1. Restricting to segment 106-125, count the residues that are surrounded by 19 or more Cβ atoms within 10 Å (Cβ to Cβ) and either closer than 29 Å to Ser60 by Cα or among the acidic types (Asp, Glu) (or both).
2. Between residues in segment 70-96 that are touching a residue at least 60 places away in the same chain (Cβ under 8 Å) and residues that are among the basic types (Lys, Arg) and not in a helix (DSSP H, G or I), which pairs lie under 8 Å by C-beta distance while being six or more apart or on different chains?
3. Scanning segment 35-47 for residues that are free of Cβ contacts under 8 Å to residues at least 12 places away in the same chain and among the hydrophobic types (A, V, I, L, M, F, W, C), which turns out nearest to Leu67 (Cα to Cα)?
4. Checking Ser86 against (1) over 19 Å from Phe175 (Cα atoms); (2) over 15 Å from the mean Cα position of the chain (by Cα); (3) modelled with pLDDT of 90 or more; (4) not β-branched (Val, Ile, Thr), which single condition isn't satisfied?
5. Which residue is surrounded by the fewest Cβ atoms within 10 Å (Cβ to Cβ), if the candidates are limited to segment 71-105 and must be of a type in the set (Ser, Thr, Tyr) and part of a helix (DSSP H, G or I)?
6. Find the strands (runs of 3 or more DSSP E) located wholly in segment 152-246 whose residues include 3 or more that are in contact (Cβ under 8 Å) with a residue 40 or more places away in the chain and more than 20 Å from Tyr93 (Cβ to Cβ), and list them.
7. Select from segment 48-69 the residues that are among the hydrophobic types (A, V, I, L, M, F, W, C), surrounded by 13 or more Cβ atoms within 10 Å (Cβ to Cβ) and in contact (Cβ under 8 Å) with a residue 40 or more places away in the chain and list them in ascending order.
8. Being aromatic (Phe, Trp, Tyr) and within 21 Å of Leu74 (Cα to Cα) is the filter; apply it to segment 120-170 and report the residue that is modelled with the highest pLDDT.
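The values are calculated or read from the model by the stated rules, or taken from the named source; none is laboratory data. Worth saying up front: this structure is predicted, and the values here are computed from it rather than measured. Cβ atoms come from the backbone with ideal geometry, glycine included; neighbour counts cover every protein chain shown.
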Amino acid sequence: MLAAGSGSAIGIPDREGVVHRTTDTGEFPMLCAECECEFNRRFDGPLSNALKRLEKAVLSGSTAPILAFSANQLAHAIVAVAWRISRSPANMYLKVNLAAGHLSELEAVLRLPTDQVLRSCTVRVARLTDPFERTGGGFDQSVMGQLIKTPEAFTIKSKKGLPCGFAMDWTMFGFLIHLIVPRLPFATNRKFGGLKRGAMKVRAAPVNVLDYAPLRDALVAGVAAHEEGRMTASIKDRALRKRRSS
């Protein structure tokens, strides 16, 4: 299906809709030129470069890549991306509906000095893997980097059912990104695999794509749509031409 999309992202509906190609990248004018340049320099550029370097290590055969990079800086960049996501009206971010209080919390974390960010949130970067790749029946790592899971946000509740924080997750370059505000307790954060404050190395722990329910369900829906022929004419045509050429 990815190949049939000819480089475009594939949109898989939640129910029985039609699988389609999408050009919605989430881009939307939000900042003035000066602030845009500042965000690119401090956050977007370093984050993209770090994840691309981690991906290169994965594609070269590393199962648990480690990157020499500031965990504080990486966390601040991810918070900045989350802030843009939460404020953007782009279609691919429709599932992100943060309450006013959570938006204020996120903005407060964004405004912190970089070395203070991980005191107020947990950030995890994990690499999506498919155990069936070894048998030739699953997604290899070059494909994993193309899977897109649109961002979602969730309210975290206490044992008494009261809101006590929020979580967001999304995928970038084949990595699953988690942001949790406020920061998890030390033992829980360590077990979860969150970034360590002050660390100068970042490790992307492997996560089985089939253990991550939102992406697993989307893949199952995509396979069902393919089997039932619920794809746009352009995708069907491209898939047919690819089969003929091979």
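1. At the first step, the residues of segment 106-125 found to be surrounded by 19 or more Cβ atoms within 10 Å (Cβ to Cβ) are 106, 109, 117-118, 121-125.
Imposing the further condition that a residue be either closer than 29 Å to Ser60 by Cα or among the acidic types (Asp, Glu) (or both) reduces the set to 122-125.
So the count comes out to 4.
2. Close Cβ pairs (under 8 Å, with a partner that is among the basic types (Lys, Arg) and not in a helix (DSSP H, G or I)) amount to Ala71/Lys196; Ala71/Arg197; Ala71/Lys201; Asn72/Arg197.
3. If we filter segment 35-47 for residues that are free of Cβ contacts under 8 Å to residues at least 12 places away in the same chain, which is where we start, we get 35-38, 40-41, 45.
From the residues that got through so far, the ones that are among the hydrophobic types (A, V, I, L, M, F, W, C) too are 35, 37.
Values: Cys35: 28, Cys37: 25 Å.
Filtering first and then ranking leaves Cys37.
4. So Ser86 meets the others, but not (2).
5. First, the residues of segment 71-105 that are of a type in the set (Ser, Thr, Tyr): 86, 88, 93, 104.
Next cut, part of a helix (DSSP H, G or I) only: 86, 93, 104.
Working: Ser86: 19, Tyr93: 21, Ser104: 11.
Out of the qualifying residues, it is Ser104.
6. Working: elements: 152-157, 163-172, 175-181, 201-203, 205-208.
Ranges flagged: 201-203, 205-208.
7. Taking segment 48-69 first, the residues among the hydrophobic types (A, V, I, L, M, F, W, C) are 50-51, 54, 57-59, 64, 66-69.
Those left that are additionally surrounded by 13 or more Cβ atoms within 10 Å (Cβ to Cβ): 50-51, 54, 57-59, 67, 69.
Once the filter is applied, which keeps residues that are among the hydrophobic types (A, V, I, L, M, F, W, C), surrounded by 13 or more Cβ atoms within 10 Å (Cβ to Cβ) and in contact (Cβ under 8 Å) with a residue 40 or more places away in the chain, segment 48-69 yields Ala50, Leu51, Leu54, Val58, Leu59, Leu67, Phe69.
8. Of the residues in segment 120-170, the ones aromatic (Phe, Trp, Tyr) are 132, 139, 154, 166, 170.
Add one more test, that the residue is within 21 Å of Leu74 (Cα to Cα), and what stays is 166, 170.
Numbers: Phe166: 96, Trp170: 92.
If we take residues in segment 120-170 being aromatic (Phe, Trp, Tyr) and within 21 Å of Leu74 (Cα to Cα), then Phe166 is modelled with the highest pLDDT.
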